[in-house]
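Here is the structure we will look at, set down as structure tokens.
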Number of protein chains: 2
Amino acid sequence: MNLLILTENDATGEHRYCIDDHRADHIRNVLKLISGDHLEVGLLNGPQGTAVVEGVSSDAVTIRTEQLELVPEPVPIIDLICALPRPQTLRKVLVTSAMMGVRRLYLVRANRVEKSYFQSPLLQPRNCERYLIEGLSQGKLTRMPQVSVHDRFRRFFEDNLSEDYSEDSDSLCQLLPDPECETSLAGVYPCPADSSRPVLLAIGPEGGWVPFEVELMERIGFQRFRIGRWMLRVETAVAAALAQIELLRIQ
Amino acid sequence: MNLLILTENDATGEHRYCIDDHRADHIRNVLKLISGDHLEVGLLNGPQGTAVVEGVSSDAVTIRTEQLELVPEPVPIIDLICALPRPQTLRKVLVTSAMMGVRRLYLVRANRVEKSYFQSPLLQPRNCERYLIEGLSQGKLTRMPQVSVHDRFRRFFEDNLSEDYSEDSDSLCQLLPDPECETSLAGVYPCPADSSRPVLLAIGPEGGWVPFEVELMERIGFQRFRIGRWMLRVETAVAAALAQIELLRIQ
């Protein structure tokens, strides 16, 4: 836990918070903080800074925030489309997306996605949030990715996306990793990157997108590239692609 | 499972193999193969190619290999030093290392590594191998990373490394990700990459290396760089750094 994430539910008064779940355990048993100690905190979807521990009991930890400041949003904005993976993988994708500053996470149907995955209780917002907050806490970020679920492939790509990006349609950089492609990210992503251009990255299911899906995505502007010579797991592909985008941004 | 990994223990005769563990379940229940079907196989630390299913029973699956060929080793050679993480994380590091073609994996002691981690049963070769083979099977590779464990930080960096790389000391590219550093990988890793230069990448523990450790590593030639603006988990840092090295190689 690099940043203690606080939510409205934890608030007990002005600048004062009380936590009584696994975060309190962590403060007591791992960080071993006592009254008067300081730690780094962030308000969910809000500012971050420091807080002082006011009380530690076996039931709860009470803290008071100090010096909170809004942190600029990461640039470029990165939104992620992910063919809905099985729940075990989805948990990792949620953590990684939050840890690496993804703004929106679209979970979509694809030919190689099992229909039953859409029934997973993990898709309920309260269950997702647990893993998103875990990722924010690791990555020292406070803005929670906006997760949405889309069980119609075609409608999502043909209708939903054009609505969501109607204002960015000229500048949006749509990226589609494809192990069959010979071009690296540097061939399709401007370098040095123009940080004002939002990025939309589409990660396929285990087994990949089917040709119909790739054709439709290319038709609406997605550009294929090759992350590398590997066949990666979904959650590893997410991290690898985001790391490559970041390298072109900062290099 | 993108590649069925076969070991000497599976061999029953020339070109013939019998498997009766989770791999057989996968062939029966996920791939749903029957006699006469083909699948991609690789011999552990050996060639890869195709095989034909000769028999499927509730106990076992028998196959016969066809057309196996040696696949060139990935370049550049990448060796990974990893401060020994807790077992839950180590499993992921083992899978990722094998999946992404790491040649050697050094698991080392560091100030922020808990001593008890060195007692983990996971460090026994037989237990490691399970996760390494899982990674090879995902990444379609057959060369198993060579794992070694080093419980003395100083001796490892000052003695063991210079022995292992005595022949490569001039060309070895030693890389040390550090969130505090302002230089990107492109600033310390030659681009376009000279694929004949082996790479040695050192990933720290949760909480990072301590200053003494960074100083010692820099003294023997490690160059610091910044993967990105994030605080990453160990297994994510491994994937992110390897993906960035690959981008500079292929771009």
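At a glance:
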{"quantity": "Test set (1) more than 20 Å from A:Leu161 (Cα to Cα); (2) at the interface with chain B (Cβ under 10 Å from one of its Cβ atoms) - A:Ser195 fails condition number", "calculated": "(2)"}
{"quantity": "Candidates B:Leu247, B:Leu232, filtered to the one that is free of Cβ contacts under 8 Å to residues at least 40 places away in the same chain, outside any helix (DSSP H, G or I), buried (at least 19 other Cβ atoms within 10 Å of the Cβ) and within 11 Å of chain A (Cβ to nearest Cβ)", "calculated": "B:Leu232"}
{"quantity": "1 or more residues under 18 Å from A:Ile133 (Cα atoms): qualifying strands (runs of 3 or more DSSP E) within the stretch A:4-70", "calculated": "A:4-6, A:11-13, A:16-19, A:38-43, A:48-56"}
{"quantity": "Residue match in the stretch B:205-219 (condition: in contact with a helix residue (DSSP H, G or I) (Cβ under 6 Å, 6 or more places away or on another chain), within 14 Å of chain A (Cβ to nearest Cβ) and not polar (S, T, N, Q))", "calculated": "no"}
{"quantity": "Selection from the stretch A:90-131 of residues that are charged (D, E, K, R), closer than 25 Å to B:Glu235 by Cβ and not in a loop (DSSP other than H, G, I, E, B)", "calculated": "A:Arg91, A:Lys92, A:Arg104, A:Glu129, A:Arg130"}
{"quantity": "Considering residues of the stretch B:220-229 that are crowded, with 19+ Cβ neighbours inside 10 Å and hydrophobic (A, V, I, L, M, F, W, C) only, the residue nearest to the other protein chains (Cβ to nearest Cβ)", "calculated": "B:Ile227"}
{"quantity": "Residue ID - modelled with the lowest pLDDT, chosen from residues in the stretch A:60-82 that are within 18 Å of A:Asp37 (Cα to Cα) and not aliphatic (A, V, I, L, M)", "calculated": "A:Gln67"}
{"quantity": "Residue that is more than 21 Å from the chain's Cα centre (by Cα) and either under 21 Å from A:Gly228 (Cα atoms) or part of a helix (DSSP H, G or I) (or both), where the choices are B:Glu180, B:Glu218, B:Glu167", "calculated": "B:Glu218"}
{"quantity": "Selection status of A:Glu73, within 22 Å of A:Phe153 (Cα to Cα) and within 14 Å of chain B (Cβ to nearest Cβ)", "calculated": "no"}
{"quantity": "Selection count where residues are more than 12 Å from the chain's Cα centre (by Cα), away from every other protein chain (no Cβ under 14 Å) and in a loop (DSSP other than H, G, I, E, B), scope the stretch B:135-153", "calculated": "2"}
{"quantity": "Members of the stretch B:235-244 found to be at the interface with chain A (Cβ under 8 Å from one of its Cβ atoms), under 15 Å from the mean Cα position of the chain (by Cα) and not β-branched (Val, Ile, Thr), listed by number", "calculated": "B:Ala239, B:Ala240, B:Ala241, B:Leu242, B:Ala243"}
{"quantity": "Index of the failed condition, B:Arg28 passing every other in (1) charged (D, E, K, R); (2) more than 27 Å from B:Arg249 (Cβ to Cβ); (3) exposed (fewer than 15 other Cβ atoms within 10 Å of the Cβ)", "calculated": "(3)"}
{"quantity": "Residues satisfying the stated conditions in the stretch B:195-210, i.e. closer than 18 Å to B:Thr183 by Cα and surrounded by fewer than 19 Cβ atoms within 10 Å (Cβ to Cβ)", "calculated": "B:Gly208"}
{"quantity": "Selection count where residues are over 24 Å from B:Gly101 (Cβ atoms) and either part of a helix (DSSP H, G or I) or not β-branched (Val, Ile, Thr) (or both), scope the stretch B:200-215", "calculated": "9"}
{"quantity": "Close pairs (8 angstrom Cβ cut-off, 6 or more residues apart or separate chains): at positive phi in the stretch B:83-106, of a type in the set (A, V, I, L, M, F, W, C) anywhere", "calculated": "B:Gly101/A:Trp230; B:Gly101/B:Ile78; B:Gly101/B:Leu141"}
{"quantity": "Single condition B:Cys173 does not satisfy, out of (1) within 14 Å of chain A (Cβ to nearest Cβ); (2) touching a residue at least 24 places away in the same chain (Cβ under 8 Å); (3) within 18 Å of B:Val102 (Cα to Cα)", "calculated": "(1)"}
{"quantity": "Answer residue from the stretch B:77-90, given it is surrounded by fewer than 20 Cβ atoms within 10 Å (Cβ to Cβ) and within 14 Å of the chain's Cα centre (by Cα) and is farthest from the other protein chains (Cβ to nearest Cβ) among those", "calculated": "B:Ile77"}
{"quantity": "Residue check for B:Tyr17: of a type in the set (Phe, Trp, Tyr), surrounded by 17 or more Cβ atoms within 10 Å (Cβ to Cβ) and either at pLDDT below 95 or in the same structural domain as B:His150 (by TED's automatic domain parsing) (or both)", "calculated": "no"}
{"quantity": "Those residues of the stretch B:183-215 which are over 20 Å from the mean Cα position of the chain (by Cα), at pLDDT 90 or above and more than 22 Å from A:Arg249 (Cβ to Cβ), in sequence order", "calculated": "B:Gly208, B:Trp209, B:Val210, B:Pro211, B:Phe212, B:Glu213, B:Val214, B:Glu215"}
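The values are calculated or read from the model by the stated rules, or taken from the named source; none is laboratory data. As the structure is a computational prediction, the values presented were derived from the model and not from experiment. Positions of Cβ are backbone-derived with ideal geometry, glycine not excepted, and every protein chain shown enters the neighbour counts.
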